[in-house]
Amino acid sequence: MSSSPAAIVYGLPPAELAAAPSGAAQVSPLIPGSASLKDIPPGSLDTAVVAAPPGTIERRYVLALALRALAPGGRLTALAPKEKGGSRLGKELKTFGCEVHETGQRHQRICQTRNPETPAGLDEAIAEGRPRLSEALGLWTQPGVFSWDRLDPGSALLVQALPRLAGRGADLGCGLGYLSHAVLVSPEVTELALVDLDRRAVECARRNVSDPRARFHWQDARNGPPLADLDFVVMNPPFHDGGAEDKGLGQAFIRRGHAVLRKGGVLWLVANRHLPYEAVLGDLFGKAELRAEGGGFKVYEARK
């Protein structure tokens, strides 16, 4: 950033519940092009409005970063659905030394506070939520990223089923880069685009996939980046949006995969068994075959 903002907004809080000040800088990692909350200078903000994420470690990390960025007495409004962390929001702010005014509206808890002169516990919460190298995964990861603390069994099944790929390809919704790392084992792959909506995932993937054939893109895989005539696409598409199941999300990923492939190019897809992707695969691709099943997941190979 060329200059520090006076106000920030994290995420997309309903305007009727917590309106962000005019000119507030967006700092959500899930909105491509936004600023980074961790880079806001300490004590520089007048106002912060936070649509708090549902995960406890991630939420406390975001709240602690927002309080660190606020000047003493700066205003913080934080809100979340009651069943997705909102019921704990006020208590968590109090552990940081805040005096909290809490209200409820439209199934959300809305907490208003001012940054205390000497907030407590910020460094600990920030340390707990920052990126780290997971010994269990062997990957750089961060709380809040998909499958941040465990190997996703669907991705593991897809890796087991993948043949040795070749040419130019893409990993749509790359996450930490687990699939990409497996794809790049093949020396016949010439280039791989790693695309994810989550800036934290892309930053971790850069650390996990050091191969010079990798290209990293912080974008919504459904409409970017400008890819075309690819030889292959791999994906473990998301099927939740804002915490609610959205079957159309994975279907949009499949349509995007079809659009960027050359004729004869191949899509490798893993999905939960209950998700209805067979129809869209059949409509778009000349051939789609089930290649593996297990643990509630299914792997398809579809050729354009």
Note down the accessible area of F239, probe 1.4 Å, to the nearest 10 Å². 40
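Taking every pair of distinct Cα atoms and averaging 1/r, then inverting, what Kirkwood hydrodynamic radius in Å comes out for the chain? Please report the intermediate quantities before stating the final value.
Numbers: mean 1/r = 0.0486 Å⁻¹.
One decimal place: 20.6 Å for the Kirkwood radius.
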Could you work out the relative contact order of the chain, using alpha carbon pairs under 8 angstrom and six or more residues apart, expressed as a whole percent? 12
Region 181-239: relative contact order as a whole-number percent, Cα under 8 Å and 6+ apart: 34
Would you mind checking the radius of gyration and Dmax of region 185-274 based on alpha-carbon positions, in Å? 13.5, 39
Would you check the accessible area of I31, probe 1.4 Å, heavy atoms only, in square angstrom rounded to 10? 50
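So how do D46, D283, D198 rank on accessible area, 1.4 Å probe, biggest first, that is with the largest at the start?
Working: D46 90, D283 130, D198 10 Å².
My answer, sorted largest first, is D283, D46, D198.
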Take the eigenvalues of the Cα gyration tensor for region 162-208, scale each by 5, and report the square roots as semi-axes in whole Å, largest first. 19, 10, 8
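Out of all DSSP beta bridges with both ends in region 1-136, state the antiparallel percent to the nearest 5. If you can, show how the numbers build up before the last one.
Details: 13 of 25 bridges.
Of the beta bridges lying entirely in region 1-136, close to 50 percent run antiparallel.
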At what distance in angstrom do the alpha carbon centres of region 17-47 and region 197-228 lie from each other? 23
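About the Cα centre, and with charges only on the beta carbon of Lys, Arg (+1) and Asp, Glu (-1), how big is the dipole of region 146-242? Nearest 20 debye, please. Can you show the working numbers first?
Details: 10 positive and 13 negative charges, 39 e Å.
Taking the Cα centre of region 146-242 as origin, the dipole is about 180 debye.
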Quick check on the chain: helices-only [θ] at 222 nm, where DSSP H runs of length 4 and up contribute -39,500 (n - 2.57) each and the sum goes over total residues. Nearest 500, please. -7500 deg cm²/dmol
For Q26, what residues show an amide H to amide H distance below 5 Å, using hydrogens built from the backbone and excluding near sequence neighbours? V9, A35
Tell me the accessible surface of W268 in square angstrom (1.4 angstrom probe, heavy atoms of protein chains only), to the nearest ten. 10
Inverse mean reciprocal Cα-Cα distance (Kirkwood Rh) of region 101-173, Å: 17.0
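Less than 12 Å Cβ to Cβ from G85, Lys/Arg counted +1 and Asp/Glu -1: what total charge do the surrounding residues give?
Details: positive: R59, R60, K82, K84, R88, K91, R109; negative: E58, E83, E92.
Value of the local net charge: +4.
How many percent of the alpha carbon pairs in region 1-75 exceed a separation of 15 Å? Provide the component values of the computation, followed by the final result.
Numbers: 1393 of 2775 pairs.
In whole percent, the share of Cα-Cα pairs in region 1-75 beyond 15 Å is 50.
Two-decimal Rg/Rh of region 45-181 from alpha-carbon positions, Kirkwood Rh? Each step should come with its number before you reach the end.
Working: Rg = 18.9 Å, Rh = 17.0 Å.
So for region 45-181, dividing Rg by the Kirkwood Rh gives 1.12.
What is the packing order of peptides 63-74, 202-213, 97-108, 132-143, taking the mean over residues of other C-beta atoms within 10 Å and listing the highest first? Please report the intermediate quantities before stating the final value.
Working: 63-74: 21.6, 202-213: 17.9, 97-108: 14.2, 132-143: 16.2.
Answer by packing, highest mean first, reads 63-74, 202-213, 132-143, 97-108.
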Taking the C-alpha atoms of region 145-304, how large are the radius of gyration and the largest Cα-Cα span, Dmax, in Å? 14.1, 39
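The values are calculated or read from the model by the stated rules, or taken from the named source; none is laboratory data. Since the model is a prediction, treat every value here as computed from it, not as a measurement. Note: ideal-geometry Cβ built from the backbone for every residue, glycine included; neighbour counts use all protein chains shown. Only protein heavy atoms, including side chains, enter the accessible area calculation; ligands, DNA and RNA are left aside. Shrake-Rupley method; radii C 1.70, N 1.55, O 1.52, S 1.80 Å.
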